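Comments concern the structure below.
The values are calculated or read from the model by the stated rules, or taken from the named source; none is laboratory data. This is a predicted model, so every value here is computed, not measured. Cβ placement follows ideal geometry from the backbone for every residue including glycine, while neighbour counts extend to all protein chains displayed. In case anyone asks, the SASA skips ligands and DNA or RNA and just uses the protein heavy atoms, side chains included. Shrake-Rupley method; radii C 1.70, N 1.55, O 1.52, S 1.80 Å.
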Amino acid sequence: MANFKHNSSSIKVISKMSSNIDTRVTPALHPGNVKTIDGYDEETAHCVGATETAFSEAYEGVRLVHEARAAARTNPVWGEAQQLIETQKFADKVAHRVAKQFDRTLANLQTNIALIERELSVPVASAAGSLVAGEVRTFCRNLEDGKRIGFVRSLIIGGDSASASAILGGPAFLSGLTNESKDVLTRMFNETAQPALSKRLKVMKGAADLIGQHAGLLFAEMEKAVGAPTHKVAKLRAARDAAEQAFILRDNMIAG
């Protein structure tokens, strides 16, 4: 998990966020972090809108628990223990809802990432039987072992899709390539041919990484907002319930 206490980049991240900052909540959960993902812009924002919403809900949720704790302190009937118990009860509801939203958002991102990964790895179509295609593959096969991959990469980068597809559209051995190197070059070819799709993939992967690194901080932040460790509040709740049960038993004995 990312720890912003020891992360020097946090200042840079905060500077890019909106003005809606609550210093009681870690900046790691601020939705503005989504806008710092490499490749995020107006064209890709819609791909990670749900991620931004999830972080917004998390940030606001922790803030609301801080507010609930402050409100509990003003209740003249509740002692310190009851204040913690009631705040924890509210925090549990918020944390459950936000955690489910993070899980759902991450699952959707992973599904969409897998779909794009498959699309960018599909075999390259080629006029494999043409005379020119055969000559291109022969030329590539006759190159020295260390130069074939560089040659195909230069074709892809240079925009010579016809020659590149002639090589990648046929069996790897016809061009002197291994199946592994052909797969890597095919991915490069597809990414170059579909830059917008590749950009969306990059941003969605960044969003998935952001959730993986920061979402787990939700529970520590909730504990901080409540004002006591979860296990301590659980003991207080158990003691209260036991005391209440004792009074119920006594009332029953008196009534009987």
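Values as computed for the structure displayed
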read-out: Flag for LEU64 being within 20 Å of the chain's Cα centre (by Cα), modelled with pLDDT of 95 or more and among the hydrophobic types (A, V, I, L, M, F, W, C); value: no
read-out: Residues that are touching a Leu at 6+ places or on another chain (Cβ under 8 Å) and of a type outside the set (A, V, I, L, M), drawn from the range 176-204; value: GLY176, LYS182, THR186, ARG187, PHE189, ASN190, GLU191, GLN194, SER198
read-out: Members of the range 41-60 that are surrounded by fewer than 24 Cβ atoms within 10 Å (Cβ to Cβ), touching a residue at least 12 places away in the same chain (Cβ under 8 Å) and not charged (D, E, K, R); value: THR44, CYS47, ALA50, THR53, SER56
read-out: Test: residue in the range 164-183 that is assigned to a loop (DSSP other than H, G, I, E, B), of a type in the set (Ser, Thr, Tyr), open to solvent by 50 Å² or more (accessible area, probe 1.4 Å) and without any contact (Cβ under 8 Å) to a residue 60 or more places away in the chain; value: yes
read-out: Residue in the range 61-87 that is nearest to VAL226 (Cα to Cα), counting only those that are open to solvent by less than 10 Å² (accessible area, probe 1.4 Å) and either not in a helix (DSSP H, G or I) or not β-branched (Val, Ile, Thr) (or both); value: LEU84
read-out: Only one of ALA228, ALA243 that is over 30 Å from ALA162 (Cα atoms), among the small types (Gly, Ala, Ser) and not in a helix (DSSP H, G or I); value: ALA228
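Residue by residue, here is whether (1) open to solvent by 60 Å² or more (accessible area, probe 1.4 Å); (2) at pLDDT 95 or above; (3) closer than 21 Å to ILE116 by Cα holds:
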| residue | (1), (2), (3) |
| --- | --- |
| GLY146 | yes, no, no |
| ALA162 | yes, no, no |
| LYS199 | yes, yes, yes |
| ILE211 | no, yes, yes |
| HIS214 | no, yes, no |
| LEU217 | no, yes, no |
| ARG240 | yes, no, no |
